[in-house]
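Everything on this sheet refers to the single structure shown next.
The values are calculated or read from the model by the stated rules, or taken from the named source; none is laboratory data. Keep in mind that what you see is a predicted model, and the values were worked out from it rather than measured. Because the Cβ atoms are built from the backbone with ideal geometry, glycine has one as well, and the counts that use them run over all protein chains shown. Note: areas computed on protein heavy atoms with side chains; ligands, DNA, RNA excluded. Shrake-Rupley method; radii C 1.70, N 1.55, O 1.52, S 1.80 Å.
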Amino acid sequence: MELSFYLIQLLNGIQFGFLLFLVASGLTLVFGIMDVINLAHGSFYMIGAYLAYWLTGIFGNLFLGILLAIPLAIAIGMAVEKLAIAYVYKKGHLHQVLLTYALILIFDEMQRFLWGNDSHSVDVPNLLSGSIPLTDIQVYPVYRLFISAVCIIIGIGMFYVIQKTKLGMRIRAGASNNEMVQALGINIERLFSIVFSLGVALAAFAGMIAVPVDSLYPGMGDNILIISLVVVVIGGIGSIKGAFVGAMIIGVSSIFGKTLLPDMASVIVYAMMAAILIWRPKGLFQAI
Amino acid sequence: MPSDISENNTPLIEARGLHTYYGDSHILHGIDLTIHRGETVSLIGRNGMGKTTTLRSLIGLTPPRQGTVKINGKDMTTSKVYKIVQQGIAYVPEDRGIFPNLSVNENLSMAARPGPNGREDWPLDHVLELFPRLAERLAFMGNQLSGGEQQMLTIGRALMTNPDLILLDEATEGLAPLLRKSIWSIVKEIKKAGIATIIVDRDIRTLLDIADRNIIIEKGVIVYEGNSEKLIAEPECLQKYVCV
């Protein structure tokens, strides 16, 4: 196989890694700061994807569809936080796992009820449907580069908010001692609500932007959840930097696994996790 | 001294009949406590008598099961912690509660907010004037500081909230004598600035020197209350309750 083949797989892996980063960063924030295990996090990826698919169908434009889907997804996330998650903040992980597992079932059923069991897809918008030549015969689709570019911009934005703003300082403070944060006069519930909504928005947006390169199918949120949990564990719970590095490791190894060792593809990701956990049992990085 | 201090006679804190529990353990047995503006009050007692629990009950961190806490005349007994402290109270806990993953600058800046009535007497520059040592270490992370520096940071952070009252739990615990001296001089500066304090500490002599009023707690009950001259005149009382 040619070098350009590996280059394309590497680019695909990085692009998948970026998407995983968006999903996993929300998961790791909610876990690390709020100490909430949200198994329904993958469902928001699915909800984002289906909302974008639905609205693109109505308005005939993916970008407009995504633009309208973002506030809807955030509203759904905020409602879920207020009506369900807020009740289990202090109840411990077992309650959280049971509740959010129930949410997965509810969201999956709603998806089947609204859009059925068939898989769907959305065309790449004309503006970004071209490809860039890598060699004389190999090309690379512009839309995948677009995904990576958008994820880089969001990643930088998130880094800025977390590292440089007062909100970010308070979020990081909440990760280490949330009682003290309250004792300083900060409304921790609102802070949690913001963090949760931010996490939901990131997961949903990843689902939306991935629609043209990934088909929509029942249970798509469950697959992304499991692989995102692997990313969070590898990167270190609560670490954004860890989510990024973990997402890249898993993104690239998963894509190479699928092309080079298709029979072993699903094992490779977990083998990678096991290897890293033997080396660093608490993951690669500490919480933010 | 700001004009509202002299004009407003409503107590900053008025707690009545506080009963607080940790699980099944009954810790406070009906504490009555009134703190006025600008007043420095010491809370004295042996370990496990309920000093920390009293402070935590006042701001709802360990909410009382019975009794009322009025702040500036307003009943805040069942209010959330952040709403209570927004009335102008800052808490300096025994374990200092420094955020180890934030820099000194961030530990201070994250807490910044105007006090009640929008007062902003303690901007970062002013706090750093009081703590030149912190000014030299702004980029250090919270967990890179010595115990004394951490205590300075936690007091500085409290000041960033422009409080009317600071609850200082174990103000100089575990610090070297020289550092203890500098923390006490900061407490005096705070007193001079007209901020009320409730101070818990083992250094009874210095406490008596600084406090306007002293309260002794024994097994969750206030057993003595009086100014320092009165308490010094009754050494048997200190001997009995604090063993000094």
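Amide H to amide H, with H built 1.01 Å from N, B:Asn227 comes under 5 Å of B:Asn214, counting only residues 5 or more places away or on other chains.
Contact order, relative form, for region B:3-242: 26 percent (alpha carbon pairs under 8 Å, 6 or more residues apart, mean separation divided by residue count). With a Förster radius of 30 Å applied to the C-beta separation of A:Tyr87 and B:Glu94, the computed FRET efficiency comes to 0.45.
Rg of the Cα atoms in region A:122-191, relative to 2.2 N^0.38 Å, amounts to 1.87.
Taking a ≥ b ≥ c as the square roots of the eigenvalues of the alpha carbon gyration tensor, region A:150-216 is prolate, as a/c is not under 1.5 and a/b beats b/c. Straight-line cross-link reach from B:Lys83 at under 20 Å between alpha-carbon atoms covers these aspartates and glutamates, not counting any fewer than eight positions away in the same chain: A:Glu179, A:Glu189, B:Glu14, B:Asp75, B:Glu120, B:Asp164.
Write down the Kirkwood hydrodynamic radius of region B:30-147, to one decimal in angstroms, obtained as one divided by the mean of 1/r over all alpha carbon pairs. Radius from the Kirkwood sum: 16.5 Å. For region B:189-200, 3J(HN,Hα) computed residue by residue from phi via the Karplus equation (6.51, -1.76, 1.60; θ = phi - 60°) reads 4, 4, 4, 4, 6, x, 8, 6, 9, 10, 10, 10 Hz, glycine and proline entered as x. In straight-distance terms, cross-link reach from B:Lys181 covers every one of the aspartates and glutamates whose alpha-carbon lies under 16 Å from its own, apart from those fewer than eight places away in the same chain; here that gives B:Glu149, B:Glu170, B:Glu173, B:Glu189, B:Asp201, B:Asp203, B:Asp209. In this structure region A:62-155 gives 62 Å² per residue of accessible area when probed at 1.4 Å with all protein chains present.
Working note: Karplus 6.51/-1.76/1.60 with θ = phi - 60° gives region A:168-181 the couplings x, 4, 5, 5, 5, 4, x, 5, 9, 7, 6, 5, 5, 4 Hz, where Gly and Pro are set to x.
Rolling a 1.4 Å probe over the protein heavy atoms of region B:82-136, with every protein chain left in place, gives an accessible area that is 45 percent carbon and sulfur. Listed by chain and number, the lysines whose alpha-carbon sits under 26 Å from that of A:Lys258, ignoring those within fewer than 8 places in the same chain, are A:Lys241.
Helix-only arithmetic for chain A: the sum of -39500 (n - 2.57) across DSSP H runs with n ≥ 4, divided by the residue total, places the mean residue ellipticity at 222 nm at -25000 deg cm²/dmol.
Close amide H pairs (under 5 Å, H built 1.01 Å from N) link B:Ile198 with B:Val41, B:Ile166, B:Leu167, B:Leu168, residues at least 5 positions away or on another chain. One compactness figure for the protein assembly as shown is 1.19, namely its Cα radius of gyration divided by 2.2 N^0.38 Å.
The heavy atoms of B:Thr78 present about 140 square angstrom of accessible area, all protein chains included, probe 1.4 Å. Each 10 Å bin from zero holds the following percent of Cα-Cα pairs in region A:18-110: 16, 45, 30, 9, 1. Dividing the Cα radius of gyration of chain A by 2.2 N^0.38 Å, with N the residue count, gives 1.00. List, by residue number, every residue in region B:130-166 with a reduction of 10 Å² or greater in accessible area between the chain on its own and the complete protein assembly, 1.4 Å probe. Residues of region B:130-166 that lose at least 10 Å² of accessible area once the other chains are added: B:Arg157, B:Thr161. Between helix A:188-210 and chain A there is an angle of about 10 degrees, using the helix long axis and the longest principal axis of the Cα atoms.
Accessible surface computed residue by residue for chain B, with neighbouring protein chains in place and a 1.4 Å probe, gives 42 Å² per residue.
Can you tell me, using C-alpha contacts under 8 Å and at least 6 residues apart, the relative contact order of region A:10-111 as a whole percent?
28 percent.
Determine the share of region A:74-124's accessible area contributed by carbon and sulfur atoms, expressed in whole percent, with a 1.4 angstrom probe.
Of all accessible area on region A:74-124, carbon and sulfur atoms account for 67 percent.
With 23 Å as the cut-off, how large is the P(r) tail for region A:160-288, expressed as percent of Cα-Cα pairs? It works out to 44 percent of all Cα pairs.
Taking amide hydrogens as placed 1.01 Å from N in the peptide plane, the amide H of B:Thr77 sits under 5 Å from those of B:Val69, each at least 5 positions away in sequence or on another chain. Summing both sides, the accessible surface hidden between A and B at a 1.4 Å probe radius is close to 1800 Å².
Within region B:3-242, the ratio Rg/Rh, alpha carbon atoms throughout and Rh by Kirkwood, equals 0.95.
For chain B, the longest principal axis of the alpha carbon atoms and the long axis of helix B:147-159 meet at an angle near 80°. Phi-derived couplings, Karplus 6.51 cos²θ - 1.76 cosθ + 1.60 at θ = phi - 60°, listed residue by residue for region A:275-286: 4, 5, 6, 5, 6, 10, x, 9, x, 6, 10, 7 Hz, with x used for Gly and Pro. On the principal axes of its alpha carbon atoms, region B:23-79 extends 31, 25, 17 Å, with the longest extent given first.
Qualifying GluC sites (Glu not before Pro) in region B:108-175, where qualification requires a DSSP coil assignment and no more than 15 other C-beta atoms within 10 Å, comprise B:Glu120, B:Glu136. Remark: relative contact order (region A:25-218) = 42 percent; criterion is Cα-Cα distance under 8 angstrom and separation of 6 or more residues.
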